Amino acid sequence: MPVTDCQSTDRMARRAAGGFSLLEMVVAVAIMAISLSVLYRAAGGATRSVGVDEKMVYAVELARSLVALNKLVPASGMRDEGETEGGFQWEVQAEPVVLQDPAPLEVGQLQYLSVTVRWPDGFKERQFVLNSIVAGERAE
Amino acid sequence: MNRSRGFTLIEVMLAATLLALLMVAVLAAMRTFGNTRATLDQVTARADKTRAVSEFLRSSIGSAMPVIRHGEVGGDVETGNSHGTYFVGDSAELVWVAPFVAGADLGGAFIMHLARVGDTLELRWHPYQRDTEQTDWTGSKPRVLLDSVEEFEIGYLPRNGDEWISQWSGDQYNPLLVRINIRAEGHYWPELVMHLGGARLNLR
């Protein structure tokens, strides 16, 4: 035990006098670079999510407007799509609700409405879907 | 012996150059962080404003009440002195009555007045009283909903299958749909469409 103690203090003393070795410096610089890049990426992630949030506000408002515009749809269902300024693609789809027999309402009087808003976000595409049930026009 | 010799000029210059490069990289990173922060604040504020203003307009116009505006029965609709619902507007301004809570002690039905004044979007409100004929707007301070408005347009859809019109003269019923198109601070807003349902005034 005393022997190893002696050896280690000796080595430490020598190392302290000789400064850092190249390997130690390389490791230290590499650790610093990695931590900097992690910090950088974290900041980038925050920026991206704020950008996604703003687009999301737009998409939700657009979808709510589309639901308001399609409160009454044809009894046979409908499908419509378009694109807004700012690159939002929207799609509205209505399908008759199939009611169980004996049905209290005619088929087509209740409609499943699905509004989908899509927008590009970098390499992928994001989307927001609103589902609702609306009235269908009575067949004449 | 060798160790006490110190560094050669080349070694010092190399070290200084490396240090300089490192500092440049760190400074650039710092500046990017600073810019990012400013941009983040701006985008967050814009998104917040869009959300708050859209939500307010959607809920308060969407809950417009078909209440009586006093005036002569069969009077002049254009000047607003006919007897009809309290829902009058054109492409740049709108007057309606809706339930509204402003602060802790105010509530009930309010007459709302939304208008574009210069490049701002202003809202005034006044408690709705059944028997007043002319609303006195002098006591109400306008609140600015939006600055730097570049485009503001209101449209009205009377009935399903009709065309959108740009004037609503306060007849016996509310429009089915109201839409608002806004462009502010160089950004297009999503079209706001409110469903009012075309509620009819009950004159009893």
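The values are calculated or read from the model by the stated rules, or taken from the named source; none is laboratory data. No experiment lies behind these values; they were computed from the predicted model shown. In this analysis, Cβ positions are derived from the backbone assuming ideal geometry, glycine residues included, and neighbour counts consider all displayed protein chains.
Some notes on this structure:
- The sole residue among B:Ser140, B:Ser91, B:Ser169 that is at pLDDT 85 or above and surrounded by fewer than 18 Cβ atoms within 10 Å (Cβ to Cβ) is B:Ser91.
- So A:Ala68, is it without any contact (Cβ under 8 Å) to a residue 12 or more places away in the chain and on the phi < 0 side of the Ramachandran plot: yes
- Residue match in region A:59-71 (condition: among the polar types (S, T, N, Q), crowded, with 17+ Cβ neighbours inside 10 Å, at the interface with chain B (Cβ under 8 Å from one of its Cβ atoms) and not in a loop (DSSP other than H, G, I, E, B)): yes
- In region A:123-140, the residue that is farthest from A:Gly51 (Cα to Cα) out of those that are in contact (Cβ under 8 Å) with a residue 40 or more places away in the chain and not in a strand (DSSP E or B) is A:Ala139.
- Restricting B:Pro175, B:Pro190 to those that are assigned to a loop (DSSP other than H, G, I, E, B), within 23 Å of A:Ala63 (Cβ to Cβ), touching a Pro at 6+ places or on another chain (Cβ under 7 Å) and modelled with pLDDT of 85 or more reduces the list to B:Pro175.
- Residues (away from chain B (no Cβ under 14 Å), touching a residue at least 24 places away in the same chain (Cβ under 8 Å) and either in a loop (DSSP other than H, G, I, E, B) or within 20 Å of the chain's Cα centre (by Cα) (or both)) located in region A:72-106: A:Ser76, A:Gly77, A:Glu91, A:Val97, A:Glu106
- One residue stands out among those in region B:20-73 that are among the charged types (D, E, K, R) and within 29 Å of B:Leu94 (Cβ to Cβ): the one that is nearest to the other protein chains (Cβ to nearest Cβ), which is B:Arg51.
- Residues located in region B:157-172, provided they are without any contact (Cβ under 8 Å) to a residue 40 or more places away in the chain and in a loop (DSSP other than H, G, I, E, B): B:Arg159, B:Asn160, B:Gly161, B:Asp162, B:Glu163, B:Trp164
- Check on B:Leu14, away from every other protein chain (no Cβ under 11 Å), surrounded by 11 or more Cβ atoms within 10 Å (Cβ to Cβ) and either at pLDDT 90 or above or more than 19 Å from A:Ala42 (Cα to Cα) (or both): yes
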